Amino acid sequence: MSVVTVQLGQCGNQIGFEVFDALYSDSHCPQGLCSERENEAYQASSKERFFSEEENGVSIARAVLVDMEPKVINQTLSKAAQSGQWKYAQHSCFCQKEGSGNNWAYGYSVHGPRHEESIMNLIQKEVEKCDSLSGFFIIMSMAGGTGSGLGAFVTQNLQDQYSNSLKMNQIIWPYGTGEVIVQNYNSVLTLSHLYRSSDALLVHENDAIHKICAKLMNIKQISFSDINQVLAHQLGSVFQPTYSVEGSCHYRRNPLGINWQVRPPLPGLPTLGKVSLNRELHFNTSIANLVILRGKDVHSADLGGFKDPALYTSWLEPIDAFNVWKTQRAFSKYEKSAALVSNSQFLLKPLDTIVGKAWNMFASKAYIHQYTKFGIEEEDFLDSFTLLEQVVASYCNL
Amino acid sequence: VSPASLIAVGQCGNQIGCCFWDLALREHAAVNQVPSYNLFPFFLSFRVVGDGGSISKGKICSLKARAVLIDMEEGVVNEILQGPLRDVFDSKQLITDISGSGNNWAVGHKVFGSLYQEQILEKLRKSAEHCDCLQCFFIIHSMGGGTGSGLGTFLLKVLEDEFPEVYRFVTSVYPSAEDDVITSPYNSILAMKELNEHADCVLPIDNQSLFDIISKIDLMVNSGKLGTTIKAKSLVTSSAGAVKKRHQKPFDAMNNIVANLLLNLTSSARFEGSLNMDLNEISMNLVPFPQLHYLVSSLTPLYTLADVNIPTRRLDQMFSDAFSKDHQLIRADPKHSLYLACALMVRGNVQVSDLRRNIERLKPSLRFISWNQEGWKTSLCSVPPVGHSHSLLALANNTCVKPTFMELRDRFTRLYKKKAHLHHYLQIEGMEESCFMEAVSSLSRLIEEYNQLDATKCMPVEDLPRLSIAM
């Protein structure tokens, strides 16, 4: 099953390149710590997911690149071609000259409708190359204008046109300070719109990855390239093939196959009363956790800690909320690696912060004229705030 | 890459424009062996003649600037056309007259405005040709004279009507108190009203600040200290190594500073980097309310030492300098006023961690308005300016511009009270005393808006109550 990636804006395209690079290098890693046959199966599965093949055997990323100005796409295309191993399809880019000016309204209301047909056609072409489509992976930042605004528009279109396919958005949470001044507005508008059309939002915070680079990797002068590579590494370890059933040789068919949407119990139904053991330790309460283990000794790993009821909300049994995928084939030369994908309260504080700051700015009406100029009115802002307050409250109540 | 068009109006505007084109060509010659798309946005077209059939060894042989040069006297523009830059412009891009505006805003605005409106429109349309979407106009002029001030601001209204989607960036040179043009307060006030109403973004520059920067550099150069030889090309005031060699003119040093400002402002749109910033992002991030669009600029470094044995100034020093008054192009005190927004445009080998570290370091000493405590917009462009390993341009929307405007208003009032020279203006058709009154009101309203924001300076920063949701 294949995944079509849509890379939007400077951030989306810079990250997209790193992701495909990481996926390719990992699949072609000679030391898989497993049998050759298994390695080949892994490679074939990964390849089918993320790459198509030209006649001469060169791998072509299953991706559509979109940006409203040409510099980044040009760089991305040439970097990929330079690798000599994989590249982007020649006609899979859509580019304009003028940018979106960090303006969500411009990305959503002007670029969106104007370029809808061209962009959706490109995506359609990529979809047709797949034997079977598992879904879309949309990479975008929230802070700017293209990734955020046009990204929201494209996701909406994907929802309309491919309602049966899964849409997962990789959203980049901007640094707390020092990126874009109107980033909180752009983020609020993006999130509220994505909530209505995306199936899953995979979040990476620049601040968090920055800390990883600084503290765990000891990089002295951290560049965006470093940050993007860490991100790509994480994504790679999640998206590369995994076994579908323990002991089976069959790689999981749908890479994005986890039940991401969990609904709280309807009022009136009895909640499951539990006494948990470790209430003193404050964890972010989760409603779903997925652990992906790769490499040596995966089958003997002890995952008891993940089944602690203290981690989960009171209306869920850990067995319903926790999943683990184990694969012997190592990832990217790491003898053992583990990844955790979590739907929990971890995002509560950052979300609350962004909503709070955006709200303060909105109260003063600062910058609003830049949005109303392109058709996003104060009511649209209020709708977005309302929706996000509901999300905050829902997570809070876990 | 989205094109931008440069419009130079008046003597000051054209002299700065001339320096700009010179330095732009120097920058591109230094960076590009192969002519590429980043010769745009400022150049209309270029042709390359391959050397032995190889494009990469080819020379740029025909370069046309995307510009319109306007002056009501012929002196300056003629010099440009006879000088080494003559190949970059053609006569179709010029509008000149012979009589000059007599340092009279009304002559520039009303007389020449109506006389040349059609021609101006025609040339502008031509400069916007061959590009799918012109992104902005850069207007360069001075405020104190007649042509730059009057005709330059007349132009703004024309641009707004004819090209409403295109941003209007104005670089305005404000007269100093000792300006020898007696009527400069009248001209400036009348021009301010137009800037208030029809410009998207204004970068005010004052001559005194430029003088001060030159003095500082001279001091450094002549100090005779060991190891203080400066790399000629790195001087923010020099045109050393410029493609077209020109005779140094008296104001060249000052004009080069302004030219460098424009080059750095557009660098992220022209060259690649890990965090790009296009021209339309400047307005989006730095103008929270339409009227408050005056930005204080500061440039650093002013020079690079030539002696490689002297360690290059620490990167962090560059950030500190950007917030020092010595590097500002207008006299103002942002540290003791209120920031509405701030942009840092970095060039060279600087990464995001350097940016963040310095923002964290400098933040505590700067006061930001309550609803924009993290009001920073940043960009990283990989290509440094000629002669430097890195550089920084800071643009601040700060209430510190208020005293400049108040001083301007005072100078105006002193002159107007005596009705001095007023008849020169009132005799022009369309000019009445009410024009002056309206202009002063417009300025007063602007000052009042800054006052109101300043009043919030001492108020504690409180979070406003949020929407409460029924679950």
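Since every read-out is calculated from the coordinates, none of them should be taken as a lab result. What you see is a predicted model, and the numbers here were worked out from it, not measured in a lab. Cβ atoms come from the backbone with ideal geometry, glycine included; neighbour counts cover every protein chain shown.
In sequence order, what are the phi-derived ³J(HN,Hα) couplings for region B:399-406 according to the Karplus relation 6.51 cos²θ - 1.76 cosθ + 1.60 with θ = phi - 60°, rounded to whole Hz, with x for glycine and proline?
Listing the rounded values in order: 5, 5, 6, 4, x, 4, 5, 5 Hz.
Which of the aspartates and glutamates could a cross-linker span from A:Lys307 if the Cα-Cα distance has to be under 15 Å and same-chain partners fewer than 8 positions apart are dropped?
A:Glu317, A:Asp320
Averaged over its residues, how many other protein chain Cβ atoms are within 10 Å of peptide B:372-380's Cβ atoms?
6
Go through A:Lys97/B:Lys457; A:Lys71/B:Lys377; B:Lys126/B:Lys233; A:Lys220/B:Lys233; A:Lys71/A:Lys373; B:Lys233/B:Lys325 and tell me which ones have a Cα-Cα distance over 29 Å in this structure.
A:Lys97/B:Lys457; B:Lys126/B:Lys233; A:Lys220/B:Lys233
In region A:32-172, how does Rg compare with the Kirkwood Rh, expressed as the Rg/Rh ratio over alpha carbon atoms?
Over the Cα atoms of region A:32-172, Rg/Rh equals 1.01.
In whole Å, what three semi-axes, largest first, describe the equivalent ellipsoid of chain B built from its Cα gyration tensor (square root of 5 times each eigenvalue)?
Taking √(5λ) for each Cα gyration eigenvalue gives 32, 31, 23 Å.
Pairs A:Lys211/A:Lys296; B:Lys157/B:Lys193; A:Lys79/A:Lys211; B:Lys64/B:Lys110: which are spaced more than 20 Å apart, C-alpha to C-alpha?
A:Lys211/A:Lys296; A:Lys79/A:Lys211; B:Lys64/B:Lys110
List every residue whose amide H lies under 5 Å from the amide H of A:Phe322, counting only residues 5 or more places away in sequence or on a different chain, with H placed 1.01 Å from N in the peptide plane.
Long-range HN contacts for A:Phe322: A:Asn289.
Using the per-residue mean of other Cβ atoms lying within 10 Å as a proxy for protection, in what order, highest first, do the peptides B:71-77, A:144-150 fall?
Working: B:71-77: 20.4, A:144-150: 32.7.
In descending order of packing, they fall as A:144-150, B:71-77.
Please give the charge dipole size of region B:325-461, origin at the Cα centre, charges +1 on K and R Cβ atoms and -1 on D and E Cβ atoms. Round to the nearest 20 debye.
500 debye
As an exercise, use a Förster radius of 51 Å and the Cβ-Cβ distance of A:Gln390 and A:Glu40 to find the FRET efficiency, rounded to the nearest 0.05.
Efficiency, from the Cβ-Cβ distance: 0.60.
What is the spin-label model distance, in nm, from A:Glu378 to A:Ser314 if the labels are put 7 Å beyond Cα along the C-beta direction?
Taking the two extended label points, one gets 4.1 nm.
How large is the convex hull of the C-alpha atoms of region B:336-459 per residue, in Å³?
Values: hull volume 21.9 nm³, N = 124.
In region B:336-459, the Cα convex hull volume per residue is 177 Å³.
Just grab the label-to-label distance for B:Lys457 and A:Ala338, each label 7 Å out from Cα along the Cβ direction, in nm (one decimal).
Inter-label distance under the simple model: 5.5 nm.
In whole Å, what are the Cα extents of region A:133-206 along the three principal axes, biggest one first?
39, 18, 16
Can you give me the Cα centroid spacing of region B:65-94 and region B:200-220 in angstrom?
26 Å
For region B:404-471, max minus min Cα coordinate along each principal axis, in Å, sorted largest first?
Largest to smallest, the principal-axis extents are 70, 27, 13 Å.
Express in nm, to one decimal, how much length is gained between A:Gln90 and A:Met217 on full extension, taking 0.36 nm for each residue of separation and deducting their alpha carbon distance.
My answer for the length gained is 42.1 nm.
Dividing the alpha-carbon Rg of the protein assembly as shown by 2.2 N^0.38 Å yields what?
Taking the Cα Rg and dividing by 2.2 N^0.38 Å, one obtains 1.03.
Output ³J(HN,Hα) for region B:101-116: one whole-Hz value per residue in order, computed from phi by the Karplus curve 6.51 cos²θ - 1.76 cosθ + 1.60 with θ = phi - 60°, and x for Gly and Pro.
The phi angles translate into 9, x, 6, 10, 3, 5, 5, x, 7, 8, 6, 5, x, 5, 5, 10 Hz.
Need the C-alpha centroid separation for region A:303-329 versus region A:165-201, integer Å.
Comparing the Cα centres of region A:303-329 and region A:165-201, I get a distance of 27 Å.
Would you mind giving the mean number of other chain beta-carbons within 10 Å of the Cβ of each residue in A:168-178, as a whole number?
On the way: counts 0, 0, 0, 0, 0, 0, 1, 7, 2, 10, 15.
Counting Cβ atoms of other protein chains within 10 Å of each residue's Cβ and averaging gives 3.
Could you pull out every residue, at least 5 positions away or on a different chain, whose amide H is within less than 5 Å of the one on A:Ser198? Hs are placed 1.01 Å off N in the peptide plane, and Pro or chain starts have none.
Amide H to amide H, under 5 Å and 5 or more residues apart or across chains, A:Ser198 pairs with nothing.
Determine ³J(HN,Hα), in whole Hz, for all residues of region B:343-360 in sequence, where each value follows from phi through the Karplus function 6.51 cos²θ - 1.76 cosθ + 1.60 and θ = phi - 60°; x replaces Gly and Pro.
Whole-Hz 3J(HN,Hα) from phi for region B:343-360: 10, 10, 10, 9, 10, x, 7, 10, 10, 4, 5, 5, 4, 5, 4, 6, 5, 4.
Note the full-extension length gain between B:Ala30 and B:His423 as 0.36 nm times their separation in residues minus their Cα-Cα distance, in nm to one decimal. Each step should come with its number before you reach the end.
Details: separation 393, 0.36 × 393 = 141.48 nm, distance 5.24 nm.
That pair, B:Ala30 and B:His423, stretches by 136.2 nm at full extension.
Region A:97-115 to region B:95-153: how many Å between their Cα centroids?
Cα centroid to Cα centroid, the span is 31 Å.
Quickly work out the B:Cys133-to-A:Ser163 label distance, labels modelled 7 Å from Cα along the C-beta direction, and quote it in nm with one decimal.
If labels sit at A:Ser163 and B:Cys133, their model points lie 3.2 nm apart.
Please give the contour-minus-distance gain from B:Leu121 to B:Arg445: 0.36 nm per residue of separation, less the Cα-Cα distance, rounded to one decimal in nm.
The span from B:Leu121 to B:Arg445 would gain 113.5 nm if fully extended.
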